[in-house]
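Working notes, beginning with the structure itself.
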């Protein structure tokens, strides 16, 4: 006999969801037959009663809500701005179309004036302060040596097309967030005497903080109203002699951060985020941790790049400082690399992976270039074939979109605001089961609404990378999507797919918290593939007795029936630490159960002994919810017809 597995059915708690349907689908396939294509099914994909699982089973759990996602995007370097400005001069229609396509935050499938292009809604842009390796020449905003009073500071040292293009993007996207940061302080502040390489001299720590404040003021004066964040140094562990870079220790960055935060708070920039580190994953447990330890009140969070380490290392920082934000802000593709291989890597590591590992943004490097150019003369950065931009702009004003765009767009479509002025999406819990669970990489999101009466939008972004079993062999995956006790079915081709649906705010957890003692809880056990109703709780005694007779199970005694704040759940195994002096009816033949009261879960083991979770009182609400979810994990054999039979039985007995 196989070991009993248990299933909880809270049929009285399931809000009617006949209207929960998937109408909105966007898809990019490995063979490029679909490129971020909006698919409107002729009939909706309905969430209905579960009826067995697919080869992969996607379980969306909206009782666990994590960080808000601020969006995707890239860096508007001087070179990107130049290329876009030239495009505007040569083909303004293409320029306007591209900006709308990339940056419009409208949530509909298409927007007026751009044909069948699907809006992607990029909403987060980094902008270098002064020269980077993608500038026409070296410059800072004050190159007058020793000008500690900044009498020669001039925000206009940046090329005018930088501000022009940025304001055009800002006009397209009113919820745009602009994050500014330097590749180097002015050369006269550094040990190298140049913006290339070297480090900041110690006597200029407070002076440099004032310089950065003046940068914030300068951008504001240029009409950049979407300022969101500033960083102190891009890639502080990188010092190169051929382009603007600066070596900066965590201790020095902390000193600058403390001084800058005070200046920002005192000069009208208290709402601007201060983001530290801005470098690779492999240092997640050292530099950014040291930075937060030294200046916890100055920095709002840290940013990571992809060039060394793994995305999971973001968790090292998150575990050390769970209340600090994480941003993923730079990664670049290489010209000539494989299109589909890149998309797989981007989704698993950045546009699902980085977000799963607590990032609030996912950005690429240059927004637009012409075959990786133009670069700073003499720079050795982006060697070899060169760095690929999100958009390829040709000399005649035409353009094409690279693989980075399609990977980013899948996530962006899942989290852009549903309503004008509404919030971006938040990550929620999702897991994948079934025999092909390895074939899908999934992120799940919920987006709130401006009107509290409107249904929430739910989204999943699914990468199917089942393409090489036994050699190159792309295979679609027949999947089920579990949501609030209901199930939808969809076959995912090899590629990336974003799905939307809408649902009321009430979920099982909220409904359960509001349940009254008169509402029924049906408990099921499954043994040898057959499901039995074990007991019916919180019903009038004649109905509960009838339930016990139907299932040949002794009914729970009246004095052990749960109170209004309690509910019965089932688990596959008990925990250690048997309780004493407590009694609860043993459920047979289903095995162990768990009762939740004010002291937490009371686990009834298969042998009738009791267990408690010793540290329940110290857990957060999120940890408690996750514990209950783990204890009550549902068996994957679903109740297809059992609920109808049960309801019929209840109707007969009443």
- Calculate, axis by axis, the spread of Cα positions in the stretch 51-182 along the three principal axes, and write the results as whole Å, longest axis first. 74, 38, 25
- Query: How big is the shadow of the Cα convex hull of the stretch 192-277, averaged over all directions, in nm²?
  - Reply: 5.7 nm²
- Query: Highest mean first, what order results for 168-181, 32-45 on Cβ atoms within 10 Å?
  - Reply: 168-181, 32-45
- Using Cα pairs under 8 angstrom and six or more residues apart, how large is the relative contact order of the stretch 169-224, in percent? 20 percent
- Exposure proxy check: 253, 482 ranked by fewest other beta carbons within 10 Å? 482, 253
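So for each of 48-54, 186-192, 76-82 I average, over its residues, the number of other beta carbons within 10 Å; can you give me the resulting order with the highest mean first? It would help to have the intermediate numbers written out before the result.
Values: 48-54: 16.4, 186-192: 20.0, 76-82: 24.6.
Descending mean neighbour count gives 76-82, 186-192, 48-54.
Using 0.36 nm per residue, how much length does the chain from residue 454 to residue 31 gain when fully extended, once their Cα-Cα distance is taken away? Please list the in-between numbers first.
Details: separation 423, 0.36 × 423 = 152.28 nm, distance 3.80 nm.
Value of the extension gain: 148.5 nm.
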- A correct Kirkwood calculation over the Cα atoms of the stretch 248-357 returns a hydrodynamic radius in Å of 14.8 Å
- May I ask for log10 I(q)/I(0) of the stretch 409-495 at q = 0.20 Å⁻¹, from a Debye sum over the Cα atoms as equal point scatterers with solvent left out? -0.97
- Task: Any chance you could get the radius of gyration and Dmax over the Cα atoms of the stretch 71-415, in Å?
- Result: 18.9, 57
- Unit Cα scatterers, Debye sum, the stretch 24-92: log10 I(q)/I(0) for q = 0.14, 0.16, 0.21 Å⁻¹: -0.90, -1.03, -1.19
- Note on the structure: Fewest-first ordering of 406, 490 by Cβ atoms within 10 Å yields 490, 406
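Once R0 is set to 45 Å, what does the formula 1/(1 + (r/R0)^6) return for the Cβ-Cβ distance between residue 469 and residue 297, expressed as a FRET efficiency to the nearest 0.05? Mind showing how you got there, number by number?
On the way: r = 52 Å, r/R0 = 1.16.
Efficiency computed from Cβ-Cβ geometry: 0.30.
Relative to the present Cα-Cα distance, how much length would full extension add between residue 221 and residue 270 at 0.36 nm per residue of separation?
15.9 nm
State the extension gain, in nm to one decimal, for the chain segment bounded by residue 339 and residue 506, taking 0.36 nm per residue of separation less the distance between their alpha-carbons. Before the final figure, lay out each step's value.
Details: separation 167, 0.36 × 167 = 60.12 nm, distance 4.15 nm.
Separation in residues times 0.36 nm, less the Cα-Cα distance, equals 56.0 nm.
Would you please give the FRET efficiency between residue 385 and residue 240, computed as 1/(1 + (r/R0)^6) with r the Cβ-Cβ distance and R0 = 22 Å, to the nearest 0.05? Don't skip to the answer; put the middle values down first.
Values: r = 19 Å, r/R0 = 0.87.
The pair residue 385/residue 240 has a calculated efficiency of 0.70.
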- Quickly work out the residue 249-to-residue 262 label distance, labels modelled 7 Å from Cα along the C-beta direction, and quote it in nm with one decimal. 2.1 nm
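Going highest first, how would you order 59-68, 384-393 by mean Cβ packing within 10 Å? Present the calculation step by step, with values, prior to reporting the outcome.
Details: 59-68: 17.7, 384-393: 21.2.
Peptide ranking by packing, descending: 384-393, 59-68.
Quick note: the coordinates plus some simple rules give every number you see, no bench work behind them. Source: prediction; values computed, not measured. Neighbour counts run over all protein chains shown; Cβ positions are idealised from the backbone, glycine included.
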